[in-house]
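The values are calculated or read from the model by the stated rules, or taken from the named source; none is laboratory data. Just so you know, these numbers come straight off a predicted model, no measurement behind them. Here Cβ is always computed from backbone atoms with ideal geometry, including for glycine, and neighbour counts include all displayed protein chains. We work out accessible area using only protein heavy atoms, side chains counted, and drop any ligands, DNA or RNA first. Shrake-Rupley method; radii C 1.70, N 1.55, O 1.52, S 1.80 Å.
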Amino acid sequence: MPAQTRLFLCLKDNFGVLLHDPESGATAAIDAPEAAPIEAALKATGWRLSDILVTHHHADHTGGIAELKQRHRCRVVAPHGEAARIPLVDATVRENDEVQVGSLRGRVLETPGHTAGHISYVFPADKLAFVGDTLFSIGCGRVIEGTPEMMWQSLLKLRALPDDTRIYCGHEYTKANVAFAKTVEPDNAALRARETEVEKLLAAREPTIPSTMGAEKAANPFLRADVPGVAKSVGLAGNPAWKVFAEIRERKNRS
Ligand code: ZN
Ligand code: FE
C-alpha cells in the first residue's frame, strides 16, 4: 500500500510532516520542530507515532523530541555524526542504511554542508524524499558547518533522484527563494511558472511543498550551478560548479 503523508507548519516557518504506513499503522514524524502541532496532526489523522526520523541537530528540528518520546515511546532515529547533540536517540544511521517505518523502506543519504552530519531520508518505492535543511524549494540551506564544495556534492546527490520524487524540506522559504532566484536567472521560464504557482498557493494559505526534483532542477539556481548560463550570470563562466554554487550562496546570504 502506498505511503500517506500529512504536512503542517510548526514554529514560525518550519514544516512538520508525518509519514504513515497504512499496512502496519506505523507513523514517522520527519524531524520534531515542536510537539503540539505534531500531536494535533496525529489527533486529526488518528495515526499512532512510532518513529521520529531526525535530519540534523538544530533545535528547530529536534525541540519536540523529548515531549513526543515521553508520550508515545517512539523510536528516535538520528544521523550517526550528530547523535550526541540530539536528545533520546535510539538508533543512528549512516549513508545507505535502510530505515523502516512499518513496511515502508527508506534509505539514508548523507547530505552534509548545512550541518556536518546532516542526512536525508529517501523512500524510493513511494518516490518521497525528506531533505531537511539541505535543499529547499528554489533554495538551499545555509552552509553553516560544512564547506560550499561539500554542500554542492550533497545537492548533486539529491539531484540524482528521479524527477518525479516529491521533495519535502524543512522550511517554508519558497517566496523569498523565488525572489532571489530571479536575480540569478531572470529569464528562466520554469522559475517564472513556479513564481506564479507559489503566489497562488500562498494566497490560498497552502504550503508550497512538496515540490518535485524535476521542478527543482529546472528552476532552483542552487541545483543549476553547472549550467553555463548560470555561471555566466554570476560572472564566473568557465569556473568549477562548486565555485559558482559558493558565489550564489554568498549572494543569497547577503540578500
Ligand atoms: Zn537547520
Ligand atoms: Fe531548520
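So the values come out like this:
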read-out	value
Whole-Å distance, taken between Cα centres, linking the stretch 187-255 and the stretch 24-74	31
Long-range HN-HN contacts of PHE15 with modeled amide H, under 5 Å	CYS10, HIS171, GLU172
Share, in percent, of DSSP beta bridges within the chain that are antiparallel, nearest 5	70
Given charges at Cβ of Lys, Arg, Asp, Glu: the stretch 110-255 dipole, positive-most of ASN188, ALA203, THR147	ASN188
Accessible surface, 1.4 Å probe, highest first, among residues TYR173, TYR168	TYR173, TYR168
Accessible area (Å², per residue) of the chain, counting only protein heavy atoms and a probe of 1.4 Å	43
Heavy-atom accessible area ranking, 1.4 Å probe, most first, across LEU11, LEU19	LEU11, LEU19
Accessible carbon and sulfur surface of the stretch 61-197 relative to its total accessible area, %, 1.4 Å	49
5 angstrom amide H check on ARG166, placed H, neighbours 5+ away	LEU128, ALA129
The stretch 30-178: C-alpha gyration tensor shape, a/c 1.5 cut-off, then a/b vs b/c	rounded
Helix-only [θ]222 nm of the chain, DSSP H runs n ≥ 4, -39500 (n - 2.57) each, per residue, nearest 500	-10000 deg cm²/dmol
Note, ³J(HN,Hα) from phi for the stretch 124-140, Karplus 6.51, -1.76, 1.60, rounded to Hz, x at Gly and Pro	x, 5, 9, 6, 10, 9, 10, 10, x, 9, 7, 10, 10, 5, 6, x, 8
Per-residue HN-Hα couplings for the stretch 33-48 [Karplus 6.51, -1.76, 1.60; θ = phi - 60°; Hz; x = Gly/Pro]	x, 7, 6, 4, x, 6, 4, 5, 5, 5, 5, 5, 8, x, 7, 10
Cα-based radius of gyration of the stretch 148-228 once divided by 2.2 N^0.38 Å, which approximates compact folds	1.08
Reachable lysines, given that their alpha-carbon falls under 19 Å from the alpha-carbon of LYS69 and they are not under 8 places away in the same chain	LYS43
Relative contact order computed over the stretch 200-253 (Cα-Cα under 8 Å; 6+ residues apart), in percent	23
